[in-house]
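Student: Below you'll find the structure I mean.
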Amino acid sequence: MRKVTAGLFYSIDGVAEAPDQFQFDSFDDELGMMLGAVMERVDTVLMGRVGYEEWAGYWPTAEQDEGFARFINSVPKFVASRTLKGSLDWQNSTLVADDLEAFVRDLKGKPGGEIAVMGGMSLVRQLLLAGLMDEMTLIVHPVIAGTGRRLFEDGTPTTRLELKESTRTSKGNMVLTYGPRADLSGKGRERSRPQFHVLTTQLSKSRPLARHCHIPAIQGDVPCPCPPFATSEP
């Protein structure tokens, strides 16, 4: 099964939009080596419409970053969009107009190398929440951006992840790679329950939890809405 991955430059206040506005001199040799390793592993790219339109207007004639330009121009690119129509102008680009998640599931089952999501925050978010993202790497620069779109907006479902790898580079960047929690088996959005009440239940067993709560009806292992340790014995 092929892996779907994503990597985003990130500020410490969670901004992922326009990293050129807050990256400054943070891109160091270690990040350059990591990007080179990504290009060696990846043989398929997924993009959103906005990212496609921005990159298609730059990379085909780019005079800088020749290594990445060669990679992104030649790699097969699948573009998810409900508004683009027909064939796409940028070489090796194909429109995905139907069910994106079904398309990605099918793509993961075909022979090939790593599949990378590039140029699309909403695409990263959708595939992560759908359980189709195997690894997401946040390259956190030591900077507060102050303004810009964030990867996870208000209203994003609570989703538990596992930190799979972390690296600190010479210029203070933190490279954090997350993946689905293997022990949750697809239950990553389960509601968190205060551990205090779990412990209280273990200690009291059949004794009602009302001894530690303002709400007398709460018993067993049902979590109480009161702040942990905020109540006292009656």
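Student: Using 13 Å as the cut-off for backbone N distance, which residues of the stretch 84-123 belong to the label zone defined by a point 7 Å from the Cα of Lys164 along Cα→Cβ?
Tutor: Answer for this model: 114-117.
Student: Using a Förster distance of 41 Å, how high is the FRET efficiency between Arg82 and Asp25, based on the Cβ-Cβ distance and rounded to 0.05?
Tutor: In this case the efficiency is close to 0.55.
Student: Using a 10 Å cut-off on Cβ atoms, rank the peptides 26-32, 105-111 from the highest mean neighbour count down.
Tutor: Ranked from most to least packed, the peptides come out as 26-32, 105-111.
Student: Provide the packing ranking of 90-96, 6-12, i.e. peptides ordered by the mean count of other C-beta atoms within 10 Å per residue, highest first.
Tutor: 6-12, 90-96
Student: Once phi is turned into ³J(HN,Hα) by the Karplus curve 6.51 cos²θ - 1.76 cosθ + 1.60 with θ = phi - 60°, what whole-Hz value does each residue of the stretch 87-100 show in order, with x for glycine and proline?
Tutor: Those phi angles translate into 6, 9, 6, 5, 4, 6, 10, 10, 7, 10, 9, 8, 4, 5 Hz.
Student: Continuing with the same structure: Among 119-130, 13-24, how do they line up from the highest to the lowest mean number of other beta-carbon atoms within 10 Å?
Tutor: Packing order, densest peptide first, comes out as 119-130, 13-24.
Student: Oh, and also: How much of the DSSP bridge set in the stretch 4-184 is antiparallel, in percent, rounded to the nearest 5?
Tutor: Beta bridges within the stretch 4-184, antiparallel portion: roughly 40 percent.
Student: Using θ = phi - 60° and the Karplus curve 6.51 cos²θ - 1.76 cosθ + 1.60, what whole-Hz ³J(HN,Hα) does each residue of the stretch 26-37 get, with Gly and Pro shown as x?
Tutor: Those phi angles translate into 6, 6, 10, 4, 5, 5, x, 5, 5, 5, x, 5 Hz.
Student: Return the sequence-ordered ³J(HN,Hα) values of the stretch 47-55 in whole Hz as given by the Karplus equation 6.51 cos²θ - 1.76 cosθ + 1.60 applied to θ = phi - 60°, using x for Gly and Pro.
Tutor: Listing the rounded values in order: 9, x, 4, 4, x, 4, 5, 5, 6 Hz.
Student: Shifting gears a bit: If you take the beta carbon distance between Glu153 and Thr61 as r and set R0 to 30 Å, what does 1/(1 + (r/R0)^6) give as a FRET efficiency, to the nearest 0.05?
Tutor: 0.35
The numbers here are math on the coordinates, done by the rules we state, and not lab data. All values derive from a computational prediction rather than experimental measurement. Positions of Cβ are backbone-derived with ideal geometry, glycine not excepted, and every protein chain shown enters the neighbour counts.
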